[in-house]
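One structure is given below, encoded as structure tokens.
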Amino acid sequence: MKYDEQIALWNHTAVKVFDIRRSVMNSGQWLEYRFPASGFIYGVRGLANLVLDGHVHRIERYYVLHGAKGMSMMIEAEEEFEFYLLFYRAKLAFSGWRELRQLLDRKSPFEGHFGFEPEEPRTMLLLMSSMEQTLNSLGSYGSVEIKGLFYQFVHEVLRHQYIIRTGNGQADLVTLVIRYIHNHYHEGITLDYLANRFNYSPRYLSTKFKQQTGYSPIEYLIQYRIKQSKQLLLETGTTLRVVAEHVGYSDEYYFSRLFKKQTGVSPTRYQLTMREKSASDNSPFAGAKLSIGGLRLRGYSLTGSDNHYQYYGGGFSNMNRNKKSSLILSTLLSLTLLLGACSGGGANVGSSASPSPSASAISATAATTSEAESKETTRTVSTVKGDVIVPADPKRVVVLYMLGDIVALGVDPVGISEIYDGAAFTEQLKDTQTLGHHDEVNPEAVLSLEPDLIIVSSEKGYNMLHKIAPTVLIPTDKVTTNERILKLGEVFGKEKEAQSLLNDFHGKVEESREKLRSSGVLDKTVTILEGGVKEMMIIESKEYGRGSQIVYDYLGMKAPEIIQAKVDVAKAAMSENVSMEVLPEFAGDILLRSSWEGMDDLSDNAIWSSIPAVKEGRVIEAEFGLFFYTDLFSLNSQLDYITNELLATASNK
């Protein structure tokens with residue numbers, strides 16, 4: 001049957017999915033069955049021989065088979081075999097369409113028998129899984145949702161047939177990757193994931209893609225995400241945070257910076273400018289194009305935080321990866337090293353423009369000379385990944401995320417993850433090569449630096465890089481500041497310097513507490529928040545960043561009771577989004593608000609302006625880049641800044 005005829009029939013057909021089953025057969029087990037209606041079989045894992053209506057099929061993972069009502073089926077599992085079985089009924093929605101009835105009588109797509117291996121199997125697997133889960137959880141209440149998913153599944157079947165019949169039997173690699181990006185841009189996509197998905201090396205995929213498009217796959221992904229975000233900014237009234245999430249970025253601040261880098265203006269400025277232009281052109285927006293109710297939002301941070309990377313390993317979604325990915329990367333890196341061997345023949349935020357006393361104190365401490373170096377060339381360090389042999393005196397260190405800790409210890413790295421504007425250690429690392437976001441660095445770029453030691457803060461970073469050089473994983477979500485600094489001191493043979501840094505910091509904390517106590521500020525309540533005109537994110541733990549460690553932990557100040565009750569029991573980084581209408585209920589004597597270029601201006605907001613802390617000038621603007629990091633260098637700068645700002649509020653009672 002011609003492709004357009006199939007489309008016509010499916011388009012004018014009423015469909016009912018009445019059963020979806022997920023079954024597992026043991027090796028050697030037989031199954032005989034007769035189809036009660038038209039249906040699909042979809043292999044999930046394992047191997048089986050299947051006879052359907054006299055035709056033999058060898059079904060492996062992702063194989064799709066269609067049969068019609070009354071067909072007999074026999075399956076023999078060669079190994080444990082898991083599969084889906086879906087049955088549906090289809091009939092013309094209107095019986096008066098004679099041509100379609102005649103076409104259906106001649107050859108019905110619902111009665112056909114065919115099997116194939118799809119080019120994008122995981123898309124079909126996701127659809128089948130979603131239908132089964134919806135049926136099990138909602139039953140008949142989910143029938144409309146199941147029907148929609150089923151039509152998407154049929155679309156994938158028809159698209160495969162179209163490609164086979166009109167092309168060379170298979171769409172080219174770049175086309176497939178582009179199609180995947182367009183369908184999944186809101187998910188966590190990396191070059192390694194794309195390479196693994198389409199069974200090519202990252203280098204080959206990137207080269208092939210750039211030859212045809214002029215962009216690398218990730219550059220293309222960024223461009224497409226920015227394009228989608230522009231549409232959302234113009235056609236919906238949603239918040240910047242929601243827009244960022246929808247296009248694949250859990251970090252609102254990171255998205256804002258990326259948007260400005262790509263377009264030259266911040267998202268809020270772009271939205272305002274384009275809407276003003278539209279109004280002047282007498283072209284009001286038709287908001288029906290994108291309903292915010294239709295957004296498929298993704299939760300990236302395990303804590304529910306939009307911007308919180310420092311405790312839960314990055315803002316990008318954790319995806320189920322084929323275990324081959326690490327093998328492919330390891331092989332690529334090994335080959336690169338082998339070929340190489342064969343061919344071998346920002347100012348701190350504070351009350352003044354000068355460096356804060358804490359930064360100077362840290363630099364002085366870090367500059368002290370360590371004890372005589374060991375004659376040994378290596379040392380063994382105990383880590384969460386087992387013992388790691390590291391150089392006794394590493395010369396080429398790559399560090400992801402824990403940048404201020406390294407600066408505080410006097411280590412000069414050759415490569416680092418991206419630094420946010422306003423970070424306390426910007427000046428110290430201004431000439432160091434940056435490798436991208438700390439959870440998305442390019443392994444090849446790291447390899448080119450020829451590091452002799454790598455320091456990472458997440459499992460993802462470790463898995464990407466540990467084959468390149470000795471790699472120490474210090475999971476920042478599972479250790480305290482003291483534990484982290486002491487472990488880094490052990491790694492670099494700077495144990496005494498590490499302990500001295502901690503002693504100095506805790507001494508300064510006590511001095512700050514005494515100043516605040518004497519001024520009558522220490523017993524005031526503080527609310528730490530972030531957001532704009534529609535809603536605010538309220539920090540509800542001591543481990544979140546944004547100044548929460550300094551305020552709630554080291555200085556020991558309290559939040560309003562409604563927040564403090566949650567801070568007292570929080571075991572991890574916690575936050576809550578509240579609407580602007582109820583924000584006054586969460587407002588303490590002092591507000592500490594994250595700030596960055598392009599954030600919402602609340603000066604004319606009636607609810608915000610009615611809060612006593614706002615009316616009486618007790619709002620501390622905390623620059624995002626300075627308060628994002630939780631390393632010791634940043635904590636010192638944050639402590640100075642917060643103490644000075646809190647003391648300034650003493651006169652605004």
Working note, the stretch 457-586: Cα radius of gyration (Å, one decimal) and Dmax (Å, whole number) are 18.3, 54
Counting sequence-distant residues (5 or more places) and residues on other chains, those with an amide H built under 5 Å from that of S575 are E540
For the pair Y33 and D172, the simple spin-label estimate (label points 7 Å beyond Cα toward Cβ) gives in nm 4.1 nm
The Cα radius of gyration of the stretch 382-474, divided by 2.2 N^0.38 Å with N its residue count, comes to 0.99
Taking a probe of 1.4 Å and leaving out DNA, RNA and ligands, the stretch 498-653 shows per residue an accessible area in Å² of 38 Å²
Under the Karplus relation with 6.51, -1.76 and 1.60 and θ = phi - 60°, whole-Hz ³J(HN,Hα) for the stretch 587-596, x at Gly and Pro, equal 7, x, 5, 10, 10, 10, 10, 4, 9, 7
In whole Hz, the Karplus estimates of ³J(HN,Hα) for the stretch 18-32 (6.51, -1.76, 1.60; θ = phi - 60°; x where Gly or Pro) are 10, 7, 9, 10, 10, 10, 10, 10, 6, 4, x, 6, 10, 9, 10
Output row, site D431, 7 Å Cα→C-beta label point, backbone N cut-off 17 Å, window the stretch 392-423, residues 396-397, 407, 410-416
With R₀ set to 41 angstrom, the calculated FRET efficiency between the beta-carbons of K515 and A445, to the nearest 0.05, is 0.35
Taking 501-514, 480-493 and ranking on average Cβ neighbours within 10 Å, highest first, one gets 480-493, 501-514
Of all DSSP beta bridges with both partners in the stretch 382-481, the antiparallel percent, nearest 5, is 15 percent
For W596, the accessible surface traced by a 1.4 Å probe with all protein chains present amounts, in square angstrom to the nearest 10, to 30 Å²
Nearest-0.05 FRET efficiency for E459 and R58 at R0 = 30 Å, using Cβ-Cβ distance, is 0.20
The base-10 log of I(q)/I(0) that the Debye equation returns for the stretch 1-96 at q = 0.12, 0.18, 0.22 Å⁻¹, one scatterer per C-alpha, is -0.43, -0.84, -1.10
For E78, other-chain or 5+-apart residues with amide H closer than 5 Å (H placed, Pro excluded) are G28, L47, A48, N49
With Rh as the Kirkwood radius over Cα pairs, the stretch 516-558 has Rg/Rh of 1.04
Here the relative contact order (percent) of the stretch 454-563, from C-alpha pairs under 8 Å and at least 6 apart, is 16 percent
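The values are calculated or read from the model by the stated rules, or taken from the named source; none is laboratory data. On a predicted model such as this, the values are computed, not experimentally measured, just so you know. Please note: Cβ atoms are built from the backbone with ideal geometry, for glycine as well, and neighbour counts cover all protein chains shown. Just so you know, the surface numbers come from the protein's heavy atoms only, side chains and all, with ligands and any DNA or RNA stripped out. Shrake-Rupley method; radii C 1.70, N 1.55, O 1.52, S 1.80 Å.
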